[in-house]
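Taken together, the values in this text are just the output of simple stated rules run on the coordinates, not laboratory data. This one's a predicted model, so the numbers in the text were calculated from it and none came from an experiment. Here the Cβ positions follow ideal geometry from the backbone for every residue, glycine too, while neighbour counts run over all protein chains shown.
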Amino acid sequence: MIKFIYAPSFLKQLKKIEPSLKEEILEKIDLFENEKNHEYLKVHKLHGKFSGCFSFSVNYKIRIVFQYMSKDEVAILSVGDHDSYR
């Protein structure tokens, strides 16, 4: 079972999101817990200033950026559209 650590930046961004999308974000985080869903979520490694981080899709527009802290621990860093990568 994966333990999630939610960065303050993620929690701040999540508060600003409309409730229906917030629910979808939390559902996708639950799906992420099972590695079999990683292909469906389009988990991929990031480059540049986000080197060492990964991302997965919530929907066509919204992404979650995270980092593996250990095999069983993941830090959720941010949520937003592709502009959050800048």
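Please pick out the residue among Lys22, Lys36, Lys42 that is on the phi > 0 side of the Ramachandran plot and of a type outside the set (Asp, Glu). Step through it out loud before you land on a result.
Values: Lys22 fails: on the phi > 0 side of the Ramachandran plot; Lys36 fails: on the phi > 0 side of the Ramachandran plot.
Going through Lys22, Lys36, Lys42 in turn, the sole match is Lys42.
For the chain, which strands (runs of 3 or more DSSP E) that fit wholly inside it have 3 or more residues that are without any contact (Cβ under 8 Å) to a residue 24 or more places away in the chain? Let's see the steps before the verdict.
Details: elements: 3-6, 54-57, 63-70, 73-80.
Passing ranges, in order: 63-70.
Of the residues that sit in region 1-25 and are touching a helix residue (DSSP H, G or I) at 6+ places or on another chain (Cβ under 9 Å) and within 12 Å of Val58 (Cα to Cα), which one is surrounded by the fewest Cβ atoms within 10 Å (Cβ to Cβ)? Before the answer, list the steps.
If we filter region 1-25 for residues that are touching a helix residue (DSSP H, G or I) at 6+ places or on another chain (Cβ under 9 Å), which is where we start, we get 2, 4, 6, 13-15, 17, 22, 25.
Retained after the next criterion (residues that are within 12 Å of Val58 (Cα to Cα)): 22, 25.
Numbers: Lys22: 14, Ile25: 19.
Applying the filter and picking the extreme gives Lys22.
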